[in-house]
1. How much of residue 176 can a 1.4 Å solvent probe reach, expressed as accessible area in Å² and rounded to 10?
2. How charged is the neighbourhood of residue 27? Take every other residue with its Cβ under 15 Å from the Cβ of residue 27, and add Lys/Arg as +1 and Asp/Glu as -1.
3. Quick check: from the Cα gyration tensor, does segment 83-158 come out rounded (a/c under 1.5), prolate or oblate?
4. Using a ≥ b ≥ c from the Cα gyration tensor of segment 106-234 (square roots of the eigenvalues), is it rounded, prolate or oblate, where a/c under 1.5 gives rounded and otherwise the larger of a/b and b/c decides, a/b for prolate?
5. Using a 7 Å offset from the Cα along the Cα-to-Cβ direction at both residue 16 and residue 34, what is the distance between the two label points in nm, to one decimal?
6. Largest first, what is the accessible-area ranking of 118, 87 with a 1.4 Å probe?
7. With each label point set 7 Å from Cα along the Cα-Cβ vector, what nm distance links residue 96 and residue 162?
8. R0 = 35 Å: FRET efficiency of residue 47 with residue 179, Cβ-based, nearest 0.05?
Amino acid sequence: MALLDHFRPPLSVRRHWHSFQNAWSTYIASHLNQQLPQGYFAEANVQFGIEIDVAAFEESGATNVPSASAWRAPTPTQTIALSTISDVVEVLVFGREGGPTLAAVIELVSPANKDRPDNRDAFVSKCAAYLQQGIGLAIVDIVTDRKGNLHRQLLKRLGAVDSVPLDADLYAVAYHPVEREDQSNLDIWQQPLAVGQPMPTLPLWLRGNLCFPVDLEAIYNRTCQEQRILVDAS
């Protein structure tokens with residue numbers, strides 16, 4: 001089926017976009033686990049509005065508080081603004097040799113990743129760090145209610161002055177950091193997306209030059225069927 005608009009009416013008032021993103025990432029991980037060789041596994045990592053609530057420990061009823069808790073940190077020498085990522089929707093692929101080691105990442109863009117310059121900068125910084133560590137990456141952006149191209153911003157951060165990024169707000173992109181003739185390169189597969197159009201199959205590259213297809217259209221269709229979105233979208 002064609003890509004639907006999950007962020008605007010009528011579908012946005014019938015289904016929660018974050019529930020769809022959660023399910024989509026789970027089915028992408030399942031799709032990859034059917035292909036990955038022994039020693040690798042994929043798992044979804046979805047977190048919305050990340051917050052560490054220390055007060056929850058205070059309500060646990062614990063009475064034996066260590067004496068160290070009376071210690072108070074001194075006043076900080078300085079305080080600066082910090083960009084953090086509040087929403088995370090991603091599929092992580094790990095290799096188990098020598099302990100779980102991150103081998104590839106698929107990032108599903110959320111509205112919060114695009115809504116402010118600081119959030120966009122934090123998302124781009126995370127993606128740039130993956131690529132600079134030689135980790136394969138894919139970004140899929142179907143967010144229609146926020147403008148902005150994080151792929152283009154990522155290429156700018158990487159200093160890709162000769163690149164020709166997509167002029168589109170919706171897109172799917174795969175990245176492969178690779179060494180050729182003692183030169184570090186970044187192979188890129190970029191596809192524009194559009195509501196009402198089918199989605200592509202992306203190559204997902206793992207460390208060691210292993211590559212697997214991610215059939216976004218098939219996984220998207222499965223997610224819509226499992227979430228009964230086909231019924232409400234008709």
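The values are calculated or read from the model by the stated rules, or taken from the named source; none is laboratory data. Every value quoted in this text rests on a predicted model; they were computed, and no experiment measured them. Positions of Cβ are backbone-derived with ideal geometry, glycine not excepted, and every protein chain shown enters the neighbour counts. Protein only, heavy atoms only, side chains kept; ligands, DNA and RNA dropped before computing areas. Shrake-Rupley method; radii C 1.70, N 1.55, O 1.52, S 1.80 Å.
1. 10 Å²
2. -3
3. Here segment 83-158 falls in the prolate category.
4. It is oblate, given that a/c is not under 1.5 and a/b is not larger than b/c.
5. Here the modelled spin labels are 2.7 nm apart.
6. Heavy-atom accessible area, descending, gives 118, 87.
7. 4.3 nm
8. 0.60
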